[in-house]
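One structure below.
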Amino acid sequence: MSPWSAATPGMPIDAIDTPSLVLDLDAFDRNGALMSEWLSACDLRLRPHAKSHKTPEIARRQLAAGAVGICCQKVSEAAVFVDAGIGDILITNQVVGPAKLARLAALAGRARIGVLVDHPDQVRPLAHAVTAAGTAIDVYIEVNVGGRCGIGVGEGLVSLARMVGECARLKLAGLQVYHGPAQHMRDAQERAAAIVKAGEAARAAQRLIQEAGLPCPLVTGAGTGTFWHERDSGIWGELQPGSYIFMDRDYADNRRGEADPRFEHALFVLTTVMSRPSPDRAIVDAGLKASSVDSGMPVVWQRPELRYLKASDEHGVIDCSSAPAVALGDRLMLVPGHCDPTVNLYDEMIAVRGGIVESIWPISARGAAL
């Protein structure tokens with residue numbers, strides 16, 4: 001952690017030290033309101049994914065706006081939010097290993113905790129851990145629709161559900177059905193078709209479990225790139241979008257249908273031009289340690305004549321051949337290619353409204369990888 005904060009409340013955005021992670025609160029609030037509007041006419045639960053922001057203050061605001069709880073991806077990440085008073089967390093991942101399971105079972109004594117399984121060998125040690133801890137946990141069976149984790153729709157699914165149901169301290173809470181690759185399919189019709197197929201698998205899996213006389217009350221899943229398709233399917237009862245509050249460059253690259261929701265960019269990396277080695281290049285102080293490039297380079301906000309070409313550890317190279325007026329000390333706002341790993345690079349998020357720093361939020365779950 002840095003010995004200095006990049007900002008203090010009340011200062012203008014131009015005085016923030018760089019590189020810094022900046023949140024436009026007005027755009028953030030509008031994104032949250034838009035999500036509420038899209039779900040207002042539906043009897044669906046919103047459980048936003050906190051791996052996007054890793055920030056308890058944002059989780060509290062999402063709960064205040066009507067979310068039933070949050071999702072986390074790691075046990076250690078969930079522990080940070082439980083410590084912050086968040087009382088309902090679904091870990092959208094399989095948890096393997098005695099140390100992790102013991103921590104998970106202990107967390108279930110302080111908050112309502114859910115977890116995913118997709119194999120019998122995950123169920124037995126999970127049941128042992130919660131029995132030893134004297135706690136109980138919600139279990140969701142993950143159905144494989146995106147080519148990552150999950151079990152296929154077949155007899156093995158029923159056997160797994162029955163195994164969960166036979167454990168007194170495990171509650172069979174439903175299915176996790178999340179199509180990750182569909183979130184970034186560029187064509188709107190391709191995304192819609194992928195969710196139709198995922199919905200067919202979800203419905204078939206739910207029917208198999210219920211026909212076996214077992215409960216399967218909820219299908220949960222969905223993401224920022226497709227949630228309105230899951231909303232309209234009649235299958236999902238809970239939605240898990242996360243990036244909608246920020247909107248990174250990669251999501252913005254999706255081609256939208258006319259009726260699709262349009263969220264705004266709210267998360268930025270503020271950077272300073274630190275060198276002008278040639279007329280066509282500027283070097284900024286935001287490189288690989290300031291903005292994740294796993295989904296491609298960031299873009300320069302509202303400066304289409306500038307192009308972020310490449311990054312090294314502490315430097316970003318900007319093509320400014322069409323903008324020779326770029327000078328040393330100029331401030332640029334970058335829209336990160338992928339918000340989740342970019343947030344994980346910072347200790348704090350600087351929340352700005354109307355060009356003035358309103359508050360500074362600790363990113364308390366950053367680096368929580370266990």
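Of all residues in the range 296-317, one or more are in contact with a Lys or Arg (Cβ under 7 Å, 6 or more places away or on another chain), under 22 Å from Ala7 (Cβ atoms) and in contact (Cβ under 8 Å) with a residue 40 or more places away in the chain. Determine whether Ala198 is surrounded by fewer than 19 Cβ atoms within 10 Å (Cβ to Cβ), in contact with a helix residue (DSSP H, G or I) (Cβ under 9 Å, 6 or more places away or on another chain), modelled with pLDDT of 95 or more and part of a helix (DSSP H, G or I). The answer is no for Ala198.
Every test in (1) in contact with a Cys (Cβ under 8 Å, 6 or more places away or on another chain); (2) crowded, with 20+ Cβ neighbours inside 10 Å is passed by Gln94 save one, and that test is (2). Looking across Ile350, Ile356, one residue alone is closer than 26 Å to Ile283 by Cβ and among the aliphatic types (A, V, I, L, M). It is Ile350. Looking only at residues in the range 235-290 that are among the polar types (S, T, N, Q) and in a loop (DSSP other than H, G, I, E, B), the one that is farthest from Val335 (Cα to Cα) is Gln240. Scanning the range 133-163 for residues that are assigned to a helix (DSSP H, G or I) and surrounded by 14 or more Cβ atoms within 10 Å (Cβ to Cβ) turns up Ala133, Leu157, Val158, Leu160, Ala161, Arg162, Met163. Regarding Gly154, is this residue in contact with a Ser or Thr (Cβ under 9 Å, 6 or more places away or on another chain) and either without any contact (Cβ under 8 Å) to a residue 24 or more places away in the chain or assigned by TED's automatic domain parsing to the domain that holds Glu238 (or both)? So Gly154 fails the test. Tally up the residues in the range 164-195 that are surrounded by 14 or more Cβ atoms within 10 Å (Cβ to Cβ) and in a helix (DSSP H, G or I), please. Count: 11. Residue selection: Arg331 satisfies the criterion of being basic (Lys, Arg), within 21 Å of Pro12 (Cβ to Cβ) and touching a residue at least 40 places away in the same chain (Cβ under 8 Å).
The values are calculated or read from the model by the stated rules, or taken from the named source; none is laboratory data. If you're wondering where the values come from, they're calculated on a predicted model, not measured in any experiment. Quick reminder, even Gly has a Cβ in these numbers, built from the backbone with ideal geometry, and neighbours come from all protein chains shown.
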